Amino acid sequence: MAELRPRGAYTALVTPFTADGSAVDWDAFDEHIEGQVAGGVEGLVPCGTTGEAPTLSGSEQEEVVRHAVSVAKGRAIVLAGTGTNNTASTIEASRRAVGAGADAVMVVMPYYNKPSQLGLIEHIRRVASAVEVPVVLYNMPGRCAVELSVDSTLKVLEQSPNVVGIKDATANVLYCQELMSRAGDRVTVMCGDDALTLAMMSVGARGVISVTSNVYPEPVEQAVVEALEGRWDAARRRHFALLPVHRAMFCEPSPQPVKAALALKGRMTSAVRPPLVEAGERCRSSLAEEMRRYEAQ
């Protein structure tokens, strides 16, 4: 169970919707997954922030995971986002995802209710003990208003053997550095911010859970592989070429920009569900320009 360790580029999958946002566009979703697998990404992460999990129903989330598993056919790891700010609901969602075939689950820190560090540790312990698959934590204080500390992470690793990884979206390389220096090989860190991928890999992260790879899976994967293989000059060149695109992907709240970028590519509509709104004209223009420049290189 705990042998699965994330490595390489995993795509934080968008969830395509019909034009009015009322339903999932399953044809577009299946085609998108095929494109990701063809692009060589190591893993798929449905039902995360980028997948608009907060506005997917429970049945939609389960079906999204089921589609990802069915289309991937073992060619990529399926790491399903299941975290909420309710421990019982997170356990239920995790069990549904496992039942739908997910290889592992990703659990975001509880948002809005702002638990203490002891509360975070207990939340993770209960969720991890409720499933018999690997668990990847998702530390994202910018959206959750709480941060799992390094000390708390170490306690979690002592208590929950199936916690094997952490998506570090703290935007703080020092967090990754301290965790890696103290935890060693016990846990795998995946960068949660495209623009910081190489910086975090330089201190021990093993890859990225990427938004940009929705649009450019192969270049994101190649940059990570080059870094893992120690070909840092090549990795830097590829990463720096993508850097303006990474920045443009967050010109508005995610996933508004990445869906606009995919719409520009003709792969799906740019529809998102309220309270998100479709990317504005300035964001779309910026995306189009940065994508044009990148593709002209």
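The values are calculated or read from the model by the stated rules, or taken from the named source; none is laboratory data. Keep in mind the model is a prediction, meaning the values are calculated, not measured. No Cβ is skipped: glycine too gets one built from the backbone with ideal geometry, and neighbour counts run over all protein chains shown.
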Exercise. Scan the stretch 197-244 residue by residue and report those that are among the polar types (S, T, N, Q), within 20 Å of ASP168 (Cβ to Cβ) and more than 17 Å from the chain's Cα centre (by Cα).
Key: SER202
Quiz item: Applying the selection to the stretch 35-69, what residues are within 15 Å of the chain's Cα centre (by Cα) and of a type in the set (D, E, K, R)?
Solution: GLU42, GLU52
Quiz item: Do we have THR18 as in contact (Cβ under 8 Å) with a residue 24 or more places away in the chain, surrounded by fewer than 18 Cβ atoms within 10 Å (Cβ to Cβ) and closer than 25 Å to GLU252 by Cα here?
Solution: yes
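Keeping to the stretch 61-81, report how many residues are under 19 Å from ALA12 (Cβ atoms) and free of Cβ contacts under 8 Å to residues at least 40 places away in the same chain.
Residues that pass the stated criteria total 10.
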Practice problem: Restricting attention to the stretch 65-120, report how many residues are of a type in the set (Asp, Glu) and surrounded by fewer than 19 Cβ atoms within 10 Å (Cβ to Cβ). | Solution: 1
Practice problem: Being among the aromatic types (Phe, Trp, Tyr) and assigned to a helix (DSSP H, G or I) is the filter; apply it to the stretch 225-252 and report the residue that is surrounded by the most Cβ atoms within 10 Å (Cβ to Cβ). | Solution: TRP232
Quiz item: Mind checking which residues of the stretch 37-69 are farther than 29 Å from PRO110 by Cα and touching a Ser or Thr at 6+ places or on another chain (Cβ under 8 Å)?
Solution: GLY39
Exercise. Take the stretch 70-107 and flag every residue that is more than 16 Å from the chain's Cα centre (by Cα), among the aliphatic types (A, V, I, L, M) and in a helix (DSSP H, G or I).
Key: VAL71, ALA72, ALA88, ILE91, ALA93, VAL98
Quiz prompt | the stretch 281-297 residues that are closer than 17 Å to GLY266 by Cα, paired with ones that are among the polar types (S, T, N, Q) and outside any helix (DSSP H, G or I) (beta carbon under 9 Å, 6 or more apart) | solution = ARG284/SER270
Quiz item: When you go through TYR175, TYR112 one by one, which is the residue that is among the aromatic types (Phe, Trp, Tyr) and within 30 Å of ARG236 (Cα to Cα)?
Solution: TYR175
Practice problem: Name the one entry in TYR216, TYR138 that is of a type outside the set (A, V, I, L, M, F, W, C) and in contact with a Lys or Arg (Cβ under 8 Å, 6 or more places away or on another chain). | Solution: TYR138
Quiz item: Does LYS114 satisfy the criteria of being modelled with pLDDT of 95 or more, of a type in the set (Lys, Arg) and either assigned to a helix (DSSP H, G or I) or at negative phi (or both)?
Solution: no
Quiz item: Of everything in the stretch 253-297 that's within 19 Å of the chain's Cα centre (by Cα) and assigned to a helix (DSSP H, G or I), which residue is surrounded by the most Cβ atoms within 10 Å (Cβ to Cβ)?
Solution: ALA261
